[in-house]
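First comes the structure, then the notes that go with it.
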Amino acid sequence: MNLSDFNLKNLGKELLENNVLSNFVSNFINELKNYLDENKNTNIINNQENKYADYWTYENIMEDGVAATIGLSRSGAEMTYHKELNKAIEESILELSEQEGTLYRKKYPPNGSMTGEQFYNVNKFENGKITNITIPKSKIPEAFESEDIIFQQDKKGNIKVRADLRENIVNLASEKVKHLREIEEKRNNEFKKEGHIYKAFELDGCIFLKDLTEGSKTTIEDIDFTASSFEGEGKYQVINGKYEKISD
């Protein structure tokens with residue numbers, strides 16, 4: 001029996017046949033249990049995929065979106081892996097430009113004099129190449145002035161923002177650099193030692209850990225700790241492989 005095909009007409013028919021009532025109820029309960037279990041598992045998977053969403057709520061550029069997707073720390077994304085993330089994004093835009101035609105990317109706020117005409121530095125993706133051009137601020141729709149956007153231009157220079165491509169680009173780039181997650185996980189696991197006590201503290205919006213047991217000056221930002229175990233600044237001890245807060 002498929003629960004999605006279940007209807008009252010079938011229920012009435014089955015109930016009239018008393019000799020199969022117990023089997024019908026039993027089958028129905030089993031089907032319902034399987035249906036709920038499947039949806040429960042789906043929800044768990046979705047939660048795992050989105051577990052870093054809150055950590056990256058401030059994301060502005062597509063490189064941040066990639067870091068959030070694969071689970072990289074902010075400090076790692078901004079410093080250690082910045083070049084690799086940027087390269088993955090640009091390669092992904094180039095790939096899409098083969099299908100979509102010439103694409104442009106604007107990331108940062110406009111440059112130039114506050115009294116004169118301001119302009120944006122823009123990357124142009126065409127024929128497998130990236131070139132840098134400038135576009136007057138007046139050409140960019142006001143709603144996107146401070147956004148990292150992908151757009152196209154017609155022959156008259158009119159801009160069409162391609163917000164629909166952003167997710168595709170992030171997903172393509174995430175596949176290219178998913179090995180960075182393995183590198184960061186290896187580092188975090190080597191840093192986390194059973195029984196050791198760590199100090200968790202905030203710096204520039206990031207949560208760092210310092211090993212007090214070893215007295216090391218080294219600190220790391222572990223995105224899994226922040227997303228799953230952080231309960232405010234204080235001391236944490238690794239107990240059975242997990243960070244447990246022991247004091248403020």
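The values are calculated or read from the model by the stated rules, or taken from the named source; none is laboratory data. What you are looking at is a predicted structure, and each value in this text was computed from that prediction instead of being measured. When we count neighbours, we look across all protein chains shown, and the Cβ atoms used for this are built from the backbone with ideal geometry, even at glycine.
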- prompt: Would you say residue 200 is over 22 Å from the mean Cα position of the chain (by Cα) and surrounded by 15 or more Cβ atoms within 10 Å (Cβ to Cβ)?
  reply: yes
- request: May I ask you to list pairs of residues, at least six apart or on different chains, whose Cβ atoms are under 7 Å apart, with the first in the stretch 72-95 being closer than 22 Å to residue 164 by Cβ and the second being surrounded by fewer than 23 Cβ atoms within 10 Å (Cβ to Cβ) and small (Gly, Ala, Ser)?
  value: 94/128
field: For residue 225: the one exception among (1) assigned by TED's automatic domain parsing to the domain that holds residue 73; (2) surrounded by 18 or more Cβ atoms within 10 Å (Cβ to Cβ); (3) in a helix (DSSP H, G or I)
entry: (1)
- prompt: Out of all the residues in the stretch 203-222, which are crowded, with 19+ Cβ neighbours inside 10 Å and either over 16 Å from residue 73 (Cα atoms) or touching a Pro at 6+ places or on another chain (Cβ under 9 Å) (or both)?
  reply: 211
- line: In the stretch 26-74, anything closer than 15 Å to residue 227 by Cα, at pLDDT 90 or above and of a type outside the set (Val, Ile, Thr) is listed as 67, 68, 71, 72, 73, 74
- request: Scan the stretch 117-133 for residues that are within 19 Å of residue 95 (Cβ to Cβ) and of a type outside the set (A, V, I, L, M) and jot them down.
  value: 123, 124, 125, 126, 127, 128, 129, 131
query: Based on what the data block shows, is residue 165 in the same structural domain as residue 97 (by TED's automatic domain parsing), buried (at least 18 other Cβ atoms within 10 Å of the Cβ), in contact with a helix residue (DSSP H, G or I) (Cβ under 7 Å, 6 or more places away or on another chain) and modelled with pLDDT of 95 or more?
result: yes
